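The structure appears right after this line, and notes come after that.
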Amino acid sequence: EISCSLVGSEMCIRDREMTAILRELKDPRIDPMLTVVRAELSRDLSDCKIFVSSLSGKDAAKESCKGLDSAAGYIRRELLHRLKIRRSPVLHFVADDSIAHSAEIDRMLHQIQPAVEDIPEDDSTEKE
């Protein structure tokens with residue numbers, strides 16, 4: 001069973017702190033449209049996989065991971081300071097394409113929507 005503190009740490013890493021830290025990084029390899037999708041923290045809190053996604057696609061997320069890997073020491077220090085924890089986990093950045101995939105699904109749904117709106121209403125119920 002996962003403890004509340006473990007779940008809380010994952011949420012902190014993903015939602016607030018990691019996103020804020022990412023915005024501070026100046027590495028040109030890091031896509032400005034990069035988002036932290038989720039964070040998986042090991043039970044002993046020593047390792048953390050951080051899944052990142054970009055609207056620019058998985059290739060941009062992979063390139064961003066290279067920049068994030070080189071900034072991992074800075075990111076760990078910032079997490080220590082901001083989360084007020086004694087030890088920061090070793091960070092592993094993983095490219096994810098969920099945002100680009102979601103955008104593609106949204107685009108496809110918007111293409112279908114006008115076709116559905118053009119279907120005439122059924123008048124058979126009104127004539128009876």
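Here are some notes:
- Taking a straight Cα-Cα cut-off under 16 Å and skipping sequence neighbours fewer than 8 places away in the same chain, the lysines within cross-link reach of residue 26 are 66.
- Between residue 33 and residue 90, the simple label model (points 7 Å from Cα in the Cβ direction) yields a spacing of 3.4 nm.
- Among residues other than residue 94 with Cβ under 10 Å from its Cβ, the summed charge is +1 (Lys and Arg +1, Asp and Glu -1).
- Loop-located trypsin sites (Lys or Arg not before Pro) across the range 43-73 with a Cβ neighbour count of 15 or fewer within 10 Å are 43, with loop assigned by DSSP.
Values in this text are rule-based calculations from the coordinates and carry no lab data. Here the structure is a predicted model, which is why all the values come from computation and not from measurement. For neighbour counting, all protein chains shown are included, and Cβ atoms are generated from backbone atoms with ideal geometry for every residue, glycine included.
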